[in-house]
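The next block holds one structure in the form of structure tokens; read it before the comments.
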Amino acid sequence: MTDRFDPAALSQSWPMPSEPRPIVTFGAGSIVGDAHFPAYRKAGFPVAGLYDPDQEKAKKLAGEWGVAAFSSIEDAVGVPGAIFDLATPPKAHANVLRQLPDGAAALIQKPMGSDLEDATEILKICREKNLKAAVNFQLRFAPMMLALTDAIDKGWLGDVVDFDAWLALATPWQLWPFLKGLPRIEIAMHSIHYLDLIRQILGDPDGVHAKSIGHPNHDVAQTRTSAILDYGDSVRCSLSINHDHDFGRKYQACEFRVCGTEGAAYLQLGVNLDYPRGEPDILEIRPKGGAEWIPVPLHGSWFPDAFVGRMANLQRFAAGEDDELVSSVEDAWNTMALVEAAYTSSASSATPLEKRP
């Protein structure tokens, strides 16, 4: 059976739009310079410019990338035929969406608002304005994840029955100053990617058990999470996330183990190790009928290549070239519902132990 497993046959990229439309970005934070603009330049997507209320910050980033810095949001939304790229803090999404032209195409940075109430407001705005809007859950488009889901679809793992996410690393939260003081951090801003990917692979769970806490060495609201997603008696799904394992690289990890009834996959998400420089992504598969693990040569990494695929799908959907808008606001709302359930679980009491008689 292993001779039928051809790693080169696994899909790792999204088709490009035939006529890319200009991109207008809102926000001039580090994610734009670290991922959005590198991805768009690599793909050849035209960037019309960016807008940020902090004009000094906007002009600096725009100058580094040779794009325009719009002086007002009105100028930014006035670019004809633009795809609008919201790299904005969660609380800013709704205000920007309200000012977009009706029927426009928009990519909304995750999370879809600060909580499920915000996500519901954003969903209503997008419906009322008939926006072609998706949320930037770009992990689905990482080369390793496209290859993984393709391998699953081809039956090389059998039925997926186990999904483990294990992170023990040191995340530089100081790179995102807008997070300071926010009541929800780890699940809403980071593990939301993993929850969204799990939904893509396993569907929606029946429920979730979770605990998300901070660390005594800093004041970030939460940086450590344990979670179990309930898929009944046939599938086990767990996440162990620790962003405070700051004791050197030796025992740090950022990995998934996905096991099926007949095969398994191992993945390393390299960007989180020494972010934003990162380490290589890794995908190895022990396929159905195989006796050993087979490395899958990857053509790109989560950062920035997943951002290429994410924007390509939106561009193609807006042009009628793709039938499905992946992570549309309609689907992304369900990821936000899972996030909300995780926080509700975290705030709830655990099952108490019986007292010794």
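The values are calculated or read from the model by the stated rules, or taken from the named source; none is laboratory data. These figures come from a predicted structure and were not determined experimentally. Using ideal geometry, Cβ is built from the backbone for each residue, glycine included, and neighbour counts are taken over all protein chains shown.
Take the range 207-229 and flag every residue that is farther than 20 Å from W166 by Cβ and either part of a strand (DSSP E or B) or touching a Leu at 6+ places or on another chain (Cβ under 8 Å) (or both).
Correct list: G207, V220, A221.
Going by the structure shown, is D219 of a type in the set (D, E, K, R) and either closer than 28 Å to P7 by Cα or modelled with pLDDT of 95 or more (or both)? Don't jump to the end; show me each part of the working.
On the way: of a type in the set (D, E, K, R): yes; either closer than 28 Å to P7 by Cα or modelled with pLDDT of 95 or more (or both): no.
No.
Return yes or no: is A332 over 19 Å from T225 (Cα atoms) and outside any loop (DSSP other than H, G, I, E, B)? Break it down stepwise before answering.
On the way: over 19 Å from T225 (Cα atoms): yes; outside any loop (DSSP other than H, G, I, E, B): yes.
The answer is yes for A332.
Here are D331, D323: which of them is loosely packed, with under 14 Cβ neighbours inside 10 Å, under 27 Å from I122 (Cα atoms) and of a type outside the set (K, R)?
D323 is the lone residue from the list that is loosely packed, with under 14 Cβ neighbours inside 10 Å, under 27 Å from I122 (Cα atoms) and of a type outside the set (K, R).
Here is a check on your reading of the model: is H218 surrounded by fewer than 17 Cβ atoms within 10 Å (Cβ to Cβ) and either over 22 Å from N334 (Cβ atoms) or not assigned by TED's automatic domain parsing to the domain that holds R257 (or both)? Walk me through it before giving the result.
Details: surrounded by fewer than 17 Cβ atoms within 10 Å (Cβ to Cβ): yes; either over 22 Å from N334 (Cβ atoms) or not assigned by TED's automatic domain parsing to the domain that holds R257 (or both): yes.
Criteria met by H218.
Can you tell me which residue among G103, G158 is on the phi > 0 side of the Ramachandran plot, outside the structural domain of R184 (by TED's automatic domain parsing) and over 23 Å from the mean Cα position of the chain (by Cα)?
Values: G158 fails: outside the structural domain of R184 (by TED's automatic domain parsing).
Step by step, each of G103, G158 is checked, and only G103 is on the phi > 0 side of the Ramachandran plot, outside the structural domain of R184 (by TED's automatic domain parsing) and over 23 Å from the mean Cα position of the chain (by Cα).
Looking only at the range 110-129, count how many residues are of a type outside the set (A, V, I, L, M, F, W, C) and more than 17 Å from the chain's Cα centre (by Cα).
8
I'd like to verify a number: residues in the range 149-195 that are among the basic types (K, R) and in contact with a Leu (Cβ under 6 Å, 6 or more places away or on another chain), how many?
Taking the range 149-195 and keeping what is among the basic types (K, R), we get 154, 180, 184.
After this cut, where a residue has to be in contact with a Leu (Cβ under 6 Å, 6 or more places away or on another chain) as well, the list is none.
So the answer is 0.
Got at least one residue in the range 242-257 being in contact (Cβ under 8 Å) with a residue 60 or more places away in the chain, of a type in the set (F, W, Y), under 24 Å from D34 (Cβ atoms) and buried (at least 21 other Cβ atoms within 10 Å of the Cβ)?
Yes: the range 242-257 contains one or more residues that are in contact (Cβ under 8 Å) with a residue 60 or more places away in the chain, of a type in the set (F, W, Y), under 24 Å from D34 (Cβ atoms) and buried (at least 21 other Cβ atoms within 10 Å of the Cβ).
Residue by residue, here is whether (1) over 23 Å from V329 (Cα atoms); (2) free of Cβ contacts under 8 Å to residues at least 24 places away in the same chain holds:
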{"residue": "P7", "(1), (2)": "yes, no"}
{"residue": "G44", "(1), (2)": "yes, no"}
{"residue": "A58", "(1), (2)": "yes, no"}
{"residue": "A68", "(1), (2)": "yes, yes"}
{"residue": "A76", "(1), (2)": "no, no"}
{"residue": "I83", "(1), (2)": "no, no"}
{"residue": "L86", "(1), (2)": "no, no"}
{"residue": "V96", "(1), (2)": "no, no"}
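Identify all residues within the range 66-90 that are more than 24 Å from the chain's Cα centre (by Cα) and among the aromatic types (F, W, Y); write none if there are none. Reasoning before the result, please.
Let us first name the residues in the range 66-90 that are more than 24 Å from the chain's Cα centre (by Cα), namely 66-81.
Within the range 66-90, F70 is the sole residue that qualifies.
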